[in-house]
Structures are given as structure tokens and as C-alpha cells.
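Read through the structure below, which is laid out as C-alpha cells, and then see the notes.
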Amino acid sequence: MNDPAIRAALVEHLRAADPAATVLHEVPIRYAGGKFDAARADVLTVSDVVTGYEIKSDVDSLTRLDRQILAYEALCDFNTIVVGSRHRAHVTAALPASWGILVAESGPRLRRERPATQNERVEPAAIARQLWKEECVALLKEHGAKLPRRVLVHTLWPLVEALPID
């Protein structure tokens, strides 16, 4: 099975499990351990928790899997890999014990091989990096935060360097 077939089966599975959850595709993950937008989550569900789903079809490479694991663990409360039968044995050995495993089978259908458990490695900074500017400002205002002048000046420095004085 290829990525589009697996993704369609996964979305159907997720919508049946929690119709109220928001399903997002190809979400950049910004985390401290990697470069800005160093990884993309294939699918995220957002409800009272954030759950990440990495898809590895039988034709996909596993060369980026280690980096992807770090990114997902920085952001998501729960993580699951959806894998074709070709990569099943390798990912079972490579994944942290908290990761769930769904095996994509013909049909297409998904078979749960291992449930996901709570990820204890979530990084607050990775969550904050996902926010838009407006969301950051709203959170700061909501919590009465006032930034010190030196922080504001440091934040403005790229503008100072890029713009003419007038």
C-alpha cells in the first residue's frame, strides 16, 4: 500500500475513533533538538491531547526515522507509526516503547499491533514554537506578561540591521 491509501485508511480510522478531534496533515514540527521545520508530522490529531502519526509505506525510506522520532516526541502527547508490512520488524525494534504501531494491510485496513502510551518527553518550547505570532501575543496578554525592554530591543535587532534609519 502507498502513502495516499494508508493516509485515507488512517483518517477514516481517526474520524471513527474521535469525530470531534481536529485532523491536520503535513504539520512542520519546530523543536529544540533540530533545525527550524526539521520534520513534518504526516498526521496530527488535536483534541484534549496532541497525537502524532508517522506513515511509512512499503516504498518509503527509514533514513529520517530517528530524527522524526525526536521531533514527534518533542511535540506530541502520544505517537503512533503506521507502517507497511515491509518495515514492520525494523520499526518495532527501533521505536521507543511508548510509540504505538498500526500495520497497514490490504483492503486497505489498519491493524493495531501496539497501543501508544503517554509520551513523557514533550518539550514546552516545541509546543510554543508551533504558535503563530498572534497566539503568542494573546497568551502573553492573557497571563499579564510584560517583556523587559532589553528583550524587546533584542527582538527588534533584525529590523534595526535590515531597515534604513529613515
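The values are calculated or read from the model by the stated rules, or taken from the named source; none is laboratory data. Computed from a predicted model, the values in this text were never measured in an experiment. Glycine gets a Cβ as well: all are built from the backbone with ideal geometry, and neighbour counts include every protein chain shown. Heads up: the accessible areas ignore ligands, DNA and RNA and are worked out on the full protein's heavy atoms, side chains in. Shrake-Rupley method; radii C 1.70, N 1.55, O 1.52, S 1.80 Å.
The residue that is most open to solvent (accessible area, probe 1.4 Å), among those in segment 37-59 that are among the aliphatic types (A, V, I, L, M) and modelled with pLDDT under 90, is 59.
Residues in segment 70-122 that are among the acidic types (Asp, Glu) and under 16 Å from residue 39 (Cβ atoms): how many? The number of residues fulfilling the criteria is 1. Within segment 1-32, being part of a loop (DSSP other than H, G, I, E, B), touching a residue at least 12 places away in the same chain (Cβ under 8 Å) and either closer than 15 Å to residue 107 by Cα or not aliphatic (A, V, I, L, M) (or both) holds for 1, 2, 18, 30, 31. Six or more apart or on different chains, Cβ under 7 Å: which pairs go from a residue in segment 117-139 that's acidic (Asp, Glu) to one that's open to solvent by 60 Å² or more (accessible area, probe 1.4 Å)? Could you list them? From residues that are acidic (Asp, Glu), the pairs are 123/32. The helices (runs of 4 or more DSSP H) found entirely in segment 60-157 that carry 3 or more residues being open to solvent by less than 70 Å² (accessible area, probe 1.4 Å) and of a type outside the set (S, T, N, Q) are 65-75, 124-129, 133-142. Screening residue 101 on (1) touching a residue at least 60 places away in the same chain (Cβ under 8 Å); (2) under 15 Å from residue 119 (Cβ atoms) shows it passes everything except condition (1).
With the condition kept exactly as written, say whether any residue in segment 77-94 is closer than 19 Å to residue 2 by Cβ, within 10 Å of the chain's Cα centre (by Cα) and modelled with pLDDT of 85 or more. No, every residue in segment 77-94 fails to be closer than 19 Å to residue 2 by Cβ, within 10 Å of the chain's Cα centre (by Cα) and modelled with pLDDT of 85 or more.
Return yes when residue 52 is of a type in the set (Gly, Ala, Ser), closer than 18 Å to residue 29 by Cα and touching an Asp or Glu at 6+ places or on another chain (Cβ under 9 Å) and no when it is not. Answer is yes for this residue. Looking only at segment 29-36, decide whether some residue is modelled with pLDDT of 90 or more, closer than 22 Å to residue 121 by Cβ and either of a type outside the set (Val, Ile, Thr) or open to solvent by less than 80 Å² (accessible area, probe 1.4 Å) (or both). Looking through segment 29-36, none of the residues is modelled with pLDDT of 90 or more, closer than 22 Å to residue 121 by Cβ and either of a type outside the set (Val, Ile, Thr) or open to solvent by less than 80 Å² (accessible area, probe 1.4 Å) (or both).
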